[in-house]
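The values are calculated or read from the model by the stated rules, or taken from the named source; none is laboratory data. Keep in mind that this is a model prediction, so the values were computed, not measured. When we count neighbours, we look across all protein chains shown, and the Cβ atoms used for this are built from the backbone with ideal geometry, even at glycine. Note: accessible area is taken over every heavy atom of the protein model, side chains too, but ligands, DNA and RNA are not part of it. Shrake-Rupley method; radii C 1.70, N 1.55, O 1.52, S 1.80 Å.
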Amino acid sequence: MPRDTHLSPHPFDRLRALLAGVAPGAEPLDLSIGEPKHAAPDFITAVLAANAREWTRYPPILGTEEFRAAAKAWLDRRFALPADRVDADTMILPLSGSREGLFLLAGLAVARRPRPDPVVAFPDPFYAVYEGAAVAAGAEPVGLDAGVAGLPDLDALGADTGLCGRLCLLYLCAPSNPQGAIADIGYLRRAVELARAHDFLLVVDECYVDLYDAEVPGSVAQVTGDGWANVLATHSLSKRSNVAGLRAGFAVGDPAWIEAFRSLRLYGSAGMPVPVQAVTAALLNDDAHAAHNRALYRAKFDMLDRVFAGLPAYRRPAAGFFVWLDVGDGEAATRRLWAEAGVKALPGRYLSQPRPDGTSAGDPFIRLALVHALELLEPGLVRLRQVLDGAAPGRTDGAAA
Ligand SMILES: Cc1ncc(COP(=O)(O)O)c(C=O)c1O
């Protein structure tokens, strides 16, 4: 029987329903969505203007030479890759934001790796697109527990030959959303070995790879010295360069999968307009703005360390810009935080697969996106802390309300 391909309600729709009719208890501060608020680099305006004549063109699906060269140069520089690791002509594909690429890849993987009862797997908690893509592709979506540590246990996956035999695609997210965990090189190597041993496509979503604290995250590109067979990575400019509205990213990896993906995209994707490709190339060629961006996030986490001091569930994340916080009951806390502190969080339940009894591993958590400027963020987080501590925001005596 064909599998149900109806998408479940999106996390942001569920959040809207949860908070419908609830008035914010203070100046609203939306921490539910990971939409960057730092400024994008000024130079993008000049690059767009200089390429204005190119709006007449249909976007070349493989990208301009300039785009592909910039993507390769960034990968080589950022991950210290040998010059022959990435071939700019056959291994790079522009994406109009990495979301659309991640979504389309599930259908491609299910079609190219036919299995009697196909599975698309991903970490749980997850970026909602992985689950939606699995469902839309007609595969069974399987969340692999990633816990607060942030990465699923690959040895458990490898031992489950029943699951591996049905697997068409495994998404990994490194650094992870929402926990901000960094995958070490050994972990990434093990993932590649599994993808080869069981012949599934491994897609490593590296969209947070340039937002990090003390430890610098690596890439799956660093463990493909013996070739990229069955491996793709996706990258995004949205968070690195604060240009979520530009819709700019790319995929890199296995030339056979890139060719199949190119062909699919030639039929169905919007393509990345040439002026946008020019801006993306300019952003990839500049590391200074990314370093500045990182410093802004570090300062906010320094502030959060103070505001959340003594909160047992708080851990400063190693990368990314989210906080994944155990508050007991994520949905109840989200309602209370909005009603009492004007802070909009996202319940962890909406990023986690329901178990047969209706509960999920994400139930106790909320996710907070530290996207706003520090000055805006701090008073909201102070109010949030007061609510979590059971004190009424605005009172300074710490007395329980
Ligand atoms: C884990 C993860 N992957 C991919 C994306 C998609 O980013 P974009 O489509 O802007 O490149 C996001 C955006 O929030 C994300 O959190």
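Some observations on this one:
- Percent RCO, i.e. relative contact order, over the chain, from Cα pairs under 8 Å lying at least 6 residues apart: 25 percent
- Bins of 10 Å, starting at 0 and running to the largest distance - Cα pair percent for region 24-129: 10, 24, 34, 22, 9, 1
- Viscosity 1.567 mPa s, 4 °C: Kirkwood-radius Stokes-Einstein D of the chain over Cα pairs, µm²/s: 59 µm²/s
- The local environment of A309, defined by Cβ-Cβ distances under 13 Å, has a net charge of +1 under the rule Lys, Arg +1 and Asp, Glu -1.
- Centroid-to-centroid separation of region 50-67 and region 165-221 [C-alpha atoms, Å]: 31 Å
- Helices in the chain, meaning DSSP H runs of at least 4 residues, each add -39500 (n - 2.57). Divided by all residues, the mean residue ellipticity at 222 nm is -11500 deg cm²/dmol.
- Cα lying deepest toward the dipole's positive end in the chain, options P356, S238, V223, charges on Cβ: S238
- Calculated diffusion of region 217-276, Stokes-Einstein form, Kirkwood radius summed over Cα pairs, 25 °C and 0.890 mPa s, µm²/s: 186 µm²/s
- Each peptide among 70-83, 258-271, 197-210 gets the average number of other Cβ atoms lying within 10 Å of its residues, and from highest to lowest they stand as 197-210, 70-83, 258-271.
- Ranked by how many other beta carbons lie within 10 Å on average, peptides 296-306, 6-16 from highest: 296-306, 6-16
- Region 74-97 versus region 268-301: alpha-carbon centroid distance in Å: 15 Å
- The share of alpha-carbon pairs in region 55-284 lying farther apart than 28 Å comes to 23%.
- In region 307-401, trypsin sites (Lys or Arg not before Pro) in a DSSP loop with at most 15 other beta-carbon atoms within 10 Å: R395
- Rolling a 1.4 angstrom probe over the chain with all protein chains present gives an accessible area of which 55% lies on carbon and sulfur atoms.
- Percent antiparallel among DSSP beta bridges (both partners in the chain, rounded to 5): 45 percent
- Among 321-332, 50-61, 27-38, the peptide with the highest mean count of other Cβ atoms within 10 Å heads the list, and the full ranking is 321-332, 27-38, 50-61.
- The residues of region 55-284 present an accessible area of 33 Å² per residue when probed at 1.4 Å with all protein chains retained.
- DSSP bridge analysis restricted to region 55-284 gives an antiparallel fraction near 35%, rounded to the nearest 5.
- Charged side chains reduced to their Cβ positions (Lys and Arg at +1, Asp and Glu at -1) give the chain a dipole of some 580 debye around its Cα centre.
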